[in-house]
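> First the structure, which I've put down as structure tokens, then a few questions once you've had a look.
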Amino acid sequence: MRESEAERLIEEAYAAWDAQDWQVAAGHLERVLAHHPDAPKSPVWWYDAALAHKFLRNWAKAYELGREAAARAPRGEGDPAYWNLGIAATIQRDWATARRAWAGFGIPVPDGDGEINGRFGAACVRLDTGGEREVVWIDRLCPTRGRVMNVPGSAGRRFGEVVVHDGEPKGRRVVDGREYPVFDELLLFESSDLPTLTVTVHAAEAADVEALADLFSGHDYGAESASSFELLCACCSEGTVERERGTHAGTQQVLLAAPEAEARRLLEEWAGGSTRGRSWSGLEAVD
């Protein structure tokens, strides 16, 4: 390929990039890279081609081109080429490459050969639910995966599922003075077989609702008061939102994540565990 043709393709690639035409941008960059894989500016071209395929959710290509981009990036300096490769390798379930990518970025992960299951703290993820975009809490298993720890209110989403999220925070949640990042979901990595149920409970005190949540949590299930859900516009959701921990007494709807028979058993145990007037009714499946 002549240098003049390469320059023309690069110019057209970035014009397409500005128009968010990721397919054309990636295609032009790949054509140039096929002939000039190690040109002085090729690390940027490899990175952008991989990133364009990430935007397209073409994970196989993002992985293929991301490996080339990372091979030309400095290690241990937080270069984003490693982060994007870590995401793509995780989605491809290439755990060895994912480990090398996180190490290249500068993040230590547990040693081993298989799936990365570490303790990376709590964060929030904005679920991609076809328009609802619900924000839930996750327990991070690696730099890009987390297990959902809420009972989602969005149809089809479940407590305990594992999601892959992006690396750039889009918003913050502040609880008890501590700030947590909100990441956008990239895909559902592992589904959960726990159904979502709804029940009406009466709690004499807020502590009774907390006891219900603790009881379900102790059995690796979930319980979420419907009053904890808050509708926010997109602008507010991607900003910094302060939340208070806490529940309230009275009659209220609670979402549960548990097999129905287990939910009934635990609700009976909860109701019988106090003389303060705990009761429940109307247990129904949501999905």
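> Nearest 0.05, what FRET efficiency do Arg2 and Gln92 give at R0 = 35 Å with Cβ-Cβ as r?
Working: r = 35 Å, r/R0 = 1.01.
Result of the calculation: an efficiency of 0.50.
> Just to check I understand the Karplus step: with θ = phi - 60° and J = 6.51 cos²θ - 1.76 cosθ + 1.60, what whole-Hz values come out for region 142-156, glycine and proline as x?
My calculation for region 142-156 gives 7, x, 10, 10, x, 8, 5, 10, 9, 9, x, x, 6, 4, x Hz in order.
> Any chance you could list the semi-axes, whole Å, largest first, of the equivalent ellipsoid that the Cα gyration tensor gives for region 122-190, using √(5λ)?
Numbers: eigenvalues 59, 34, 27 Å².
In descending order the semi-axes read 17, 13, 12 Å.
> Related question: Taking the Cα centre of region 122-190 as origin, work out the dipole magnitude from +1 charges on Lys and Arg Cβ and -1 charges on Asp and Glu Cβ, in debye rounded to 20.
Rounded to the nearest 20 debye, it is 140 debye.
> I'd like to know how region 3-105 sits against the 2.2 N^0.38 Å rule of thumb: what's its Cα Rg over that expected value?
That ratio works out to 1.03.
> Rounded to the nearest 500 deg cm²/dmol, what is the calculated helix-only ellipticity per residue at 222 nm for the chain, with -39500 (n - 2.57) per DSSP H run of length n ≥ 4?
-11500 deg cm²/dmol
> Specify which labelled value, from (1) 20.7, 81; (2) 23.2, 84; (3) 19.2, 75, agrees with Rg and Dmax of the Cα atoms in Å derived from the coordinates of the model shown.
Matching entry in (1) 20.7, 81; (2) 23.2, 84; (3) 19.2, 75: (2).
> What is the helix-to-structure angle for 95-105, meaning the angle in degrees between its Cα long axis and the longest Cα principal axis of the chain, kept from 0 to 90 and rounded to the nearest 10?
80
> Find the centroid of the Cα atoms in region 119-163 and in region 12-60, then give the distance between the two in whole Å.
Measuring centre to centre over Cα atoms gives 30 Å.
> Residue by residue through region 2-18, what is 3J(HN,Hα) from phi via Karplus (6.51 cos²θ - 1.76 cosθ + 1.60, θ = phi - 60°)? Round to whole Hz and write x for glycine and proline.
With the stated coefficients, region 2-18 comes to 5, 4, 5, 5, 4, 4, 5, 5, 5, 4, 5, 4, 7, 5, 5, 4, 4 Hz.
> Over region 100-211, what relative contact order in percent results from Cα pairs under 8 Å that are six or more residues apart?
20 percent.
> For Ala123, list long-range residues whose amide hydrogen, built 1.01 Å from N in the peptide plane, is under 5 Å from its own amide hydrogen.
The list, which skips near neighbours in sequence, is Ile138, Arg140.
> For region 59-120, just the Cα set please: Rg and Dmax, both in angstrom.
10.6, 30
> Given contacts defined as C-alpha pairs under 8 Å and at least six residues apart, what's the relative contact order of the chain, whole-number percent?
12
> Given R₀ = 41 Å, FRET efficiency for Val24-Leu215 by Cβ-Cβ distance, to 0.05?
Calculated value: 0.15.
> How much net charge surrounds Gln253 when only other residues with a Cβ under 13 Å from its Cβ are counted (Lys, Arg +1; Asp, Glu -1)?
The answer is -2.
> Now for a different question. Please list the non-local residues whose amide H lies under 5 Å from the amide H of Val135, H modeled 1.01 Å from N, same-chain partners needing a gap of 5 or more.
Excluding prolines and chain starts, which carry no amide H, the hits are Leu127.
Read-outs throughout are calculated quantities, based only on the coordinates presented, and are distinct from any laboratory measurement. No experiment lies behind these values; they were computed from the predicted model shown. FYI the Cβ positions are ideal-geometry reconstructions off the backbone, even for glycines, and counts take in every protein chain you see.
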